[in-house]
Amino acid sequence: MLFRILPFLLSALALSASDPAGKAVYDQHCANCHGPAGEGVAEKYDEPLYGDRNVDWLARYIERSMPEEEPELVRGEDAKQVAQFIYDAFYSPAAREKVRPSAIAFSRLTVRQHQHSVSDLIGSFRGRETITETGGLRARYESPDPQAPEEKDENGNPKRKPTKKIERQDARVQFEFGEADPLGGELEAKEFRIEWNGSLFAEETGVYEIFVKTENGVRVWLNNEQDVKLIDGWVSSGSMTEHKASLFLLGGRFYPLRVSFFKFKDKSASIALEWKPPHRPREVIPADCLSPKGSRELFVSTASFPPDDASAGYERGVSVSKGWDEAVTQTAIEAADYVLARLDRYAQTKPEDEDREAKVKAFLRVFAERAFRRPLDDAEAEALLAARFAGTKDLPTAVRRTVLYVLKSPRFLYPELAPGDDWKVASRLSLALWDSLPSEDLQRPAGRGELHTGEQVRDRARRVLADPRTRAKLDTFFHHWLHLDKADDLAKDPKAYPGFDEAVAADLRASLGLFLDEVVWGEGSDYRRLLTEETLLLNERLAKFYGVDLPEGEGDFRKVSLDSAHRAGVLTHPLLLSAFAYYKSSSPIHRGVFLTRNVLGRSLKPPVTAIEFMDDKFDPSLTMREKVTELTKSENCMACHAVINPLGFALEQFDATGRFRTEDNGKPVNSAADYTSADGSSVKLTGARDVARHALESPAAQRAFVEQLFHALIKQPVAAYGPGALDRLHERFAARQFNIQDLIVEIVTLAALHGLNESPTT
């Protein structure tokens with residue numbers, strides 16, 4: 001306990017000399033419940049006393065409510081003095097930073113960083129490829145040529161008839177051929193074969209379930225170049241059969257895909273290739289996740305890792321458990337087996353070569369250098385290999401030992417152990433942008449000593465920003481920032497909201513993803529558009545549900561002006577409005593909490609007493625706003641709900657599916673509210689666009705976005721990078737018209753050069 005309160009006590013004691021009156025009031029009336037330094041008291045008020053209110057608000061609140069049951073004891077000047085003491089001693093962010101200064105935590109690779117680093121390490125020996133084209137798979141249709149004369153060989157046996165081949169691109173693998181020729185008379189209807197080839201794009205990391213429905217013969221290969229089939233249904237049943245398999249894929253990457261399908265004297269033919277990705281329902285694999293371009297097989301470990309520590313609000317590699325060590329070991333073993341199976345390809349040798357061992361050693365040296373993110377000198381390389389090759393003449397054993405050693409080495413698992421030079425800058429950049437190892441685009445300038453000034457690092461970061469892995473990492477950030485896990489298994493009461501089903505929810509997720517992608521990676525990359533966009537991207541199914549006509553244009557999703565006067569970017573995107581709502585009704589509390597914490601960047605503590613919202617306990621004639629007002633009217637509740645409720649009420653013009661409405665339960669919707677900002681000023685809200693306008697004008701909200709993005713990219717507290725780090729990043733963000741891509745570059749530059757000789761501002 002002393003360890004917990006000692007920093008608070010030192011800070012409070014230091015202030016007592018300059019503010020003795022405030023401390024005296026605190027000691028007499030507050031310390032009994034809140035502790036001598038605001039650290040909390042068990043069974044009374046065990047939460048530390050901190051927040052983001054200003055001194056005037058604290059003084060008013062204390063005068064009105066504290067001490068509990070006897071607020072008359074602290075009034076007037078006493079309330080002002082104790083409020084000032086609390087604010088300066090331990091309540092404000094600045095005070096908390098003095099009490100417990102932020103520090104860069106010594107960290108291992110996070111789970112995501114480890115998975116991507118091992119995959120890219122092995123993949124680097126096959127060369128990197130960039131696929132930008134999507135829209136379907138290459139297809140080759142083939143059948144015996146019915147016009148070709150029958151021929152016989154020298155023994156009089158019938159020769160196989162020449163085949164007729166037609167190639168094209170198919171957007172999806174979803175066909176009901178029936179008894180007809182698949183190409184309408186160009187092929188033989190009774191017997192034909194189709195091969196689809198290309199790549200599948202996995203947007204998110206996780207388990208993907210693959211389904212094939214057909215009454216014919218089919219085989220599927222996914223991320224495998226060794227003829228190991230994911231699905232083998234080559235023996236046709238003649239009746240509709242569903243084949244299913246699953247595999248773990250890393251997000252933001254393309255995987256080689258091949259589907260072989262045939263019909264041989266079956267009555268009819270059909271095929272549908274479907275999947276169930278993480279956080280999405282089962283569906284036919286869409287064209288925008290298929291590419292006609294081939295890709296290379298990627299190593300993906302099957303090891304199951306325990307989750308990283310997320311107590312700081314973002315994932316950090318600050319703990320080492322038995323489960324984590326076992327997963328790292330399993331990955332290393334799988335990687336060693338994988339490398340051994342392809343050793344001659346990677347080492348560019350043959351089993352019979354006399355110099356095979358020398359070439360394998362050369363390969364292993366490069367393998368270690370890439371894993372350790374820097375070159376080895378001859379002595380280091382010789383020592384590393386000699387120890388692994390000692391005592392065995394069996395080359396596979398030596399290779400296995402070396403791969404296991406490298407992947408279990410602290411030099412791989414703890415990147416910050418490396419000395420502070422250009423190679424370390426390259427390592428920091430690759431982890432920040434890709435959660436992975438430096439590619440040649442970063443290795444080359446590091447080797448030339450061109451990554452040690454601010455401009456050099458910024459220039460290199462801009463060059464590699466377009467890497468698909470950066471986009472995948474930003475997708476992960478937005479998933480966290482917008483709490484999209486709330487949209488998993490999204491469902492609504494079919495009686496209240498007919499037509500809102502799993503397919504609509506999936507389309508909403510796709511719509512939001514396309515919008516975020518357009519804002520971040522489109523022209524301008526403007527943060528403000530996240531909060532001000534008036535249009536929505538809808539497809540035919542969403543347009544029907546939300547009651548609008550889909551305009552003419554290309555692509556499944558098109559921009560629609562849906563209640564444009566009331567829409568405010570992500571704040572009113574139907575996916576989020578639906579996620580932060582109940583099964584049958586809206587939820588101002590859920591929406592208000594999200595806006596408070598994630599958009600406006602204000603802190604909220606867990607309620608002292610959690611009260612479940614039970615709709616059937618209220619007068620059935622009440623609106624949702626009236627119910628929430630009744631539920632949270634107590635003084636204890638309003639300490640937080642004075643902030644939460646006005647923000648949630650401002651979004652009451654949208655129902656539980658994000659449709660605009662003017663009535664709730666037969667009464668006019670009242671979305672007007674007075675909101676008190678963190679600086680104590682009053683803001684009049686009449687709807688979502690007022691919330692967005694306040695967020696855009698609020699330096700605190702802008703700083704909150706910067707800070708959350710920093711944490712997502714760097715996995716460390718921004719305050720640990722200097723007392724002015726967040727201020728400098730925010731100032732540059734505003735000066736550059738809130739360009740998100742520029743902000744990413746500034747964040748990774750600051751972190752990459754931290755602690756080295758060169759200042760990132762130069």
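The values are calculated or read from the model by the stated rules, or taken from the named source; none is laboratory data. Just so you know, these numbers come straight off a predicted model, no measurement behind them. Quick reminder, even Gly has a Cβ in these numbers, built from the backbone with ideal geometry, and neighbours come from all protein chains shown. Remember, those area values only see protein heavy atoms, side chains included, never the ligands or the DNA or RNA. Shrake-Rupley method; radii C 1.70, N 1.55, O 1.52, S 1.80 Å.
Data for the structure
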| item | result |
| --- | --- |
| Per residue Cα convex hull volume in Å³ - calculated over the stretch 343-474 | 126 Å³ |
| Charge dipole (debye, nearest 20) of the stretch 60-125; +1 at Cβ of Lys and Arg, -1 at Cβ of Asp and Glu | 520 debye |
| Neighbour cut-off at most 16 other Cβ (10 Å), DSSP loop, GluC sites (Glu not before Pro), the stretch 447-507 | GLU450 |
| Fully extended contour minus Cα-Cα distance, from ALA386 to ASP232, at 0.36 nm per residue | 51.0 nm |
| Calculated [θ] (222 nm, deg cm²/dmol) that DSSP helices of n ≥ 4 give over the chain, each run adding -39,500 (n - 2.57) | -12000 deg cm²/dmol |
| Angstrom value of the Kirkwood radius, inverse mean 1/r, which spans all Cα pairs in the stretch 474-571 | 14.4 Å |
| Charge context of ALA202, other residues only, Cβ under 13 angstrom, K/R +1, D/E -1 | 0 |
| Size of charge dipole - the chain - debye, nearest 20, with Cβ of Lys, Arg +1 and Asp, Glu -1, no other charges | 1060 debye |
| Note, ³J(HN,Hα) from phi for the stretch 495-509, Karplus 6.51, -1.76, 1.60, rounded to Hz, x at Gly and Pro | 6, 7, 10, x, x, 7, 10, 4, 5, 5, 4, 5, 5, 5, 5 |
| Sequence-distant residues sharing a close amide H with LYS164 (under 5 Å, placed H) | SER143, ASP145 |
| Highest to lowest packing among 307-315, 734-742, scored as the average C-beta count within 10 Å | 734-742, 307-315 |
| Pairwise centroid distance, computed over Cα atoms, of the stretch 233-288 with the stretch 546-580, Å | 31 Å |
| Mean Cβ count within 10 Å, highest first, over the residues of peptides 696-706, 378-388, 746-756 | 746-756, 696-706, 378-388 |
| Size-normalised alpha-carbon gyration radius of the stretch 170-256, reference 2.2 N^0.38 Å | 1.23 |
| For the stretch 256-374, the Rg and Dmax computed from alpha carbons only, in angstrom | 21.5, 62 |
| Under 5 Å, built H, 5+ apart or other chain: amide partners of SER199 | LEU257, SER291, LYS293 |
| Euclidean distance between Cα centres, the stretch 649-668 to the stretch 38-111, Å | 37 Å |
| Phi to ³J(HN,Hα) by Karplus 6.51 cos²θ - 1.76 cosθ + 1.60 over the stretch 84-93, Hz, x for Gly, Pro | 5, 4, 4, 4, 6, 7, 7, 7, 6, x |
| Kirkwood Rh, Cα atoms: Rg over Rh of the chain | 1.03 |
| Rel. contact order, % - alpha carbon contacts under 8 angstrom, at least six apart, the chain | 11 percent |
| Cα coordinate range in the stretch 659-750, projected on the principal axes (Å, largest first) | 55, 30, 24 |
| Furthest towards positive pole of dipole, THR331, VAL173, CYS30, structure part the chain, Cβ charges | THR331 |
| Whole-Hz couplings from phi, Karplus 6.51/-1.76/1.60, listed for the stretch 674-687; x for Gly and Pro | 9, 10, 9, 6, 5, 8, x, 7, 9, 10, 7, 10, 10, x |
| Cα centroid separation - the stretch 175-199 against the stretch 680-730, whole Å | 56 Å |
| Crossing angle, helix 20-29 versus the chain [Cα axis fit, 0-90 degrees, rounded to tens] | 80 degrees |
| Folded to 0 to 90 degrees: helix 688-697 orientation relative to the chain principal axis, Cα | 80 degrees |
| Apportionment of accessible area to carbon and sulfur, the chain, percent (1.4 Å) | 50 percent |
| Packing rank of 435-445, 259-269, where each peptide gets the mean count of other beta carbons within 10 Å, highest leading | 435-445, 259-269 |
| Unsatisfied cross-links (Cα-Cα over 23 Å) in the set LYS617/LYS667; LYS213/LYS276; LYS44/LYS627; LYS23/LYS98; LYS359/LYS424 | LYS44/LYS627; LYS359/LYS424 |
| Accessible area expressed per residue, the stretch 689-762, with surrounding protein chains retained (probe 1.4 Å, Å²) | 37 Å² |
